[in-house]
1. Give me a count of the residues in segment B:85-98 that are crowded, with 24+ Cβ neighbours inside 10 Å and closer than 17 Å to residue C:240 by Cβ.
2. Looking for whichever is surrounded by 24 or more Cβ atoms within 10 Å (Cβ to Cβ), within 14 Å of chain A (Cβ to nearest Cβ) and not aromatic (Phe, Trp, Tyr) here; the options are C:203, C:192. Which one fits?
3. Test residue C:250 against the criterion of being within 7 Å of another protein chain (Cβ to nearest Cβ), touching a residue at least 40 places away in the same chain (Cβ under 8 Å) and assigned to a helix (DSSP H, G or I), and give yes or no.
4. Got a sec? Which of A:88, A:135, A:107 is in a helix (DSSP H, G or I), within 8 Å of another protein chain (Cβ to nearest Cβ) and either at pLDDT below 95 or over 16 Å from the mean Cα position of the chain (by Cα) (or both)?
5. Among the residues of segment B:53-84 satisfying the criterion of being within 14 Å of chain C (Cβ to nearest Cβ), in a loop (DSSP other than H, G, I, E, B) and not hydrophobic (A, V, I, L, M, F, W, C), which is surrounded by the most Cβ atoms within 10 Å (Cβ to Cβ)?
6. Report the residue count in segment C:290-346 for those that are within 14 Å of chain A (Cβ to nearest Cβ) and either within 24 Å of residue B:92 (Cβ to Cβ) or polar (S, T, N, Q) (or both).
7. Name the single residue, out of those in segment B:113-139 being within 14 Å of another protein chain (Cβ to nearest Cβ) and hydroxyl-bearing (Ser, Thr, Tyr), that is nearest to residue C:228 (Cα to Cα).
8. Exactly one condition in (1) in contact with a strand residue (DSSP E or B) (Cβ under 8 Å, 6 or more places away or on another chain); (2) part of a loop (DSSP other than H, G, I, E, B); (3) more than 14 Å from chain C (Cβ to nearest Cβ) is not met by residue A:236; state its number.
Amino acid sequence: MPHSAVARWSRLAATGLILASGLTAGAAFAGPTSYPLTLSNCGVDITFSKAPERAMALGQNSAEIMLLLGLEDRVAGTAFWPSKVLPELAAANEEVKLLTVEIPTLEAVLAERPDFVAAQLLNLLGPNSTIATREDFANLDIPSYLSPGVCATSDNVADVHGSRASLWNMDLLYQEIDELAQIFDVSDRGQELIASFKAREAAIRERVAGSDGDPSFVFWFSSPSPADDAYLGGKNGASGFIADLLGGHNAITTEAEWPTVSWEGIVAANPTVLVIADLDRNRWDLDKPAAKKAFLTSDPVVSQIDAVKNGHIAVMDGQAMNPTIRTIYGAEQLVDQLVGFGLIK
Amino acid sequence: MTIKADRISWAAGKTVIVDDVSIAAEPGKMLGLLGPNGSGKSSLLRLLVGLRKPDSGQVTLDGEPIGQVSRRRLARRVALVEQHATTDASVTVLDVVRLGRTPHRSALSPWTSADDAAVEAALDRVGLAARRGQYWQTLSGGERQRVHIARALAQMPSEIVLDEPTNHLDIQHQIDILRLVNALPVTSIVALHDLNHAAMFCDRLAVMDKGRIVAEGTPEAVLSEQLLREVFRIEARIEPSPYHGKLHIH
Amino acid sequence: MSLVSRTLSGWAGLGLLAVLSLALLAVSIGAGVGIGELAIPPSTTFHAITNRLGWTAVPLDKIHESVIWDYRLSRALVASLCGAGLALCGAILQSLLRNPLAEPYVLGISAGASTGAVSVIVLGIGAGAVTLSSGAFAGALAAFLFVVILASGARGGADRTILAGVAASQLFNALTSYIVSTSANAQQARDVMFWLLGSFGGVRWPEFQLALVVVLIALAICLFYARALDAFTFGDDAASSLGIPVVRVRIILFATTAMLTATIVSMVGSIGFVGLVVPHVARFLVGPLHLRLLPACVGIGAIFMVLADIVSRIIIPQQVLPIGVVTALIGVPFFSVILYRARRAV
């Protein structure tokens, strides 16, 4: 078949998968990749003559996807890790060179002589990035890949007003996993991974299906100090998705992705469950759940809201509040706690 | 014919500062402008050199309305020495005097020997030729005034206007400067504070009070005990000095 | 207090200084090209340049050649132009406003640029057709116009203009904060704020061409008015009485510095200290007369910025320190030395 048709077919198959929710593997396009492979990524056509052997992953999510696909021996380096690696991937991650947990320099990236660069965010690879643009890599015959979640041209992403008009879902992640798997010629692993995520998603939905009620959630990321407004997960972001997955909704109604809300506003929202984030970084005292809990239970006003009085404070990995693969892990973290609260039968 | 003001008035906001003033300088002579603080002397001087536009009336230079004279041409004719012109820049005496050649040079013209000659002559006149390399910050008040006057002279003006050039100077410098200005072959208009100096050096006087000219003429004609009482609110006696023959107030 | 006039006389001294600066600039740019994280042998560096200039055709590692020519060389050249431009603006503003603390962002340019940048990125104004740089540029000009109106044209005195600049900076910074905090995408907001800190990371040859044109034109205009600027030494009235069309000169020079600063900020973000400190260093070396001061600012600013960029790239392994931090760290001690000497000499 002509190359573009291969690409179209694989996309069609992936879409079919997504539409047929609840179905596993089955008639998925999990065969070997036929090279040269051409993909359209964020409006740019990229071509691979063979599977990359020295890939560069810019961004934790891109790196973790590659590790989940078992590609650690083909990743030459990674950079930009806002939090620690998933425990199950720690061993594999040891084998991969870490450039820096911050934003790397272009020369450091090029020093690894990559033959493929995958980036999670626009500030790591994009027209306004301080590292490089896609053209820079194209000029050196290095194909570059941007996470579909940040394409400016995609419909499913945050609209031009920097907020999400509709609830985020894992479709774009599945697309990314699928495309990366094709690029590395591990489509079968890709499909397995997608299927496993879908199964986990379905499992959670099933788990909560039996319960009544529409619990409301507030996801508290962190605050510089108790007196400051809190950084919360927005209505339609990853937090909203988790809430929906758990059979409830995000109590915050603004569509901004990271709204700052005063405690007065949070009290007014009166959520059923208050989810507090556990962050790896050490920027603010309140990054740690213990500090958050201490504040919640000791503050005269906040301690009176239902969620705190009833002890419905759940801890979740902060990284899950970013629209990444960690989101589903976060949701799973919450399920058991919700069972403990008696909100899930 | 030189500078002439014809019924000019000027207000800053609602306050009238210069009120229906007519005044004319005499070519080659020194016109002294007297008046208590707030009488409008500084503003009048600025109107006379075209730095401000009068709200009504007209200032003319040799009969030509001063507003129609181009800035540069005007600067070649009329030089202004301000009361408090200071700078933080480390300019030398020579640098400042050379500024006086600005109206004679366009942006691209090189320095000529004519420029050199004018600057030398000006420095000699004020007696600072030997100190041309000295920095502004190291000069005394009197020396700074002399530098400004040299700068004004470098403009080769036919009219020179000075706004209280003797303020904050000690007595010896005050006399020196006025003597210097008096000896200049140009028409000069000087705003002064000290009545005795005015009497000593000026050929004509104009007295201002609350924006109006209340007296004008020779020192003998203008300075009277009544004037001193009304305008300056002092009781004093005026009589010719036995030393220099001019009027002296005490 | 001018070092040059104390040690060497007249034009000979200045000529020597000019040659020295050019040599130093060439060396600095050479260092900027040769130094970096990627270890590239000097012969490769040299041949990369000659290859791209079309003089040689030595086979070279593609990545090395690209890094040398497409990134390091263009970056060093842009850095030198930005340093030159910012220093030039600083000198002009310090003279026009008669304030030794004036610097290129005093007229609200940087604040306006931030508002323009966030409007494009966070609010999506321009619907994707407008780049971040264009947005920043438009914002910078908007702030400048605001200052002009507030200071009542160029008729406003120096103090009034400075106050108007302060007001504009406050207003546009507040607007930026408002947009960032109400609109959402934390990632976008962080990206923009980080970009605004200043960085040469994103510049390539197109930026060089733009910067070259703008800096050269601005320099030509400023040199044309160098004598007029000298006349401002004792204030606006003194300049006017020396025949300078004060209002016209102020308008032209303010507009020129605004355009130059806006171009630089929209290209590389706001880099502080250069515009403030370099004019003082230049004055210390060649004196306050503008025909010497302006070229000196251009030369020293260029060298300073290239060296600062090199430092920002190598001081922390695997990372680039924001250039504004480096310019401040170098600038402050320099400034202190200047101040101290100035006090002693008087």
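The values are calculated or read from the model by the stated rules, or taken from the named source; none is laboratory data. Note that the structure is predicted; figures quoted are calculated from it, not measured. Note that each Cβ is placed from the backbone with ideal geometry, even for glycine, and that neighbours are counted across all protein chains shown.
1. 1
2. Only one candidate qualifies: C:192.
3. no
4. None of the other options fit; the residue is A:107.
5. B:82
6. 3
7. So, considering only residues that are within 14 Å of another protein chain (Cβ to nearest Cβ) and hydroxyl-bearing (Ser, Thr, Tyr), the one nearest to residue C:228 (Cα to Cα) is B:135.
8. The one condition residue A:236 does not meet is (3).
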